[in-house]
Amino acid sequence: MENTYYIKEGYNEIPFNSKDLYILTTDGMRLDLIAHQYYGDQKLWWVLAVCNGLGKGSLFVKAGMQLRIPISPQEFIDAIR
């Protein structure tokens, strides 16, 4: 069964965790591919977008950006369902 995620308007910020990961982006990196690498699910790209304050637009991220990767986004996902 495939997971489907819906984002409600006015969702809460993803809380910081001392175990969150941080990476420096390089040219050509995409949120969906990063989500697949760290979460095993490319559809969770929006978690990265929300917690890093990235607006609508491209899945590509600028090179040299520090990107926060929440260690466990499941609580946030459950809260918005």
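5 Å is the cut-off here: which amide hydrogens, built 1.01 Å from N in the peptide plane, fall below it relative to M29, excluding neighbours closer than 5 in sequence?
Excluding prolines and chain starts, which carry no amide H, the hits are V61.
Order of 35-44, 53-62 by packing, highest average Cβ count within 10 Å first?
In decreasing order of mean packing, 35-44, 53-62 become 35-44, 53-62.
In whole percent, and with a 1.4 Å probe on the protein chains, what portion of the accessible area of segment 18-81 is carbon and sulfur?
Details: 2060 of 3900 Å².
C and S atoms contribute 53 percent here.
Ordering R68, R30 from largest to smallest accessible area (1.4 angstrom probe), what's the sequence?
R30, R68
The values are calculated or read from the model by the stated rules, or taken from the named source; none is laboratory data. These numbers come from a predicted model, not from an experiment. Neighbour counts are summed over all protein chains in view; Cβ atoms, including those assigned to glycine, are modelled from backbone coordinates with ideal geometry. SASA here: full protein model, heavy atoms, side chains in, ligands and nucleic acids out. Shrake-Rupley method; radii C 1.70, N 1.55, O 1.52, S 1.80 Å.
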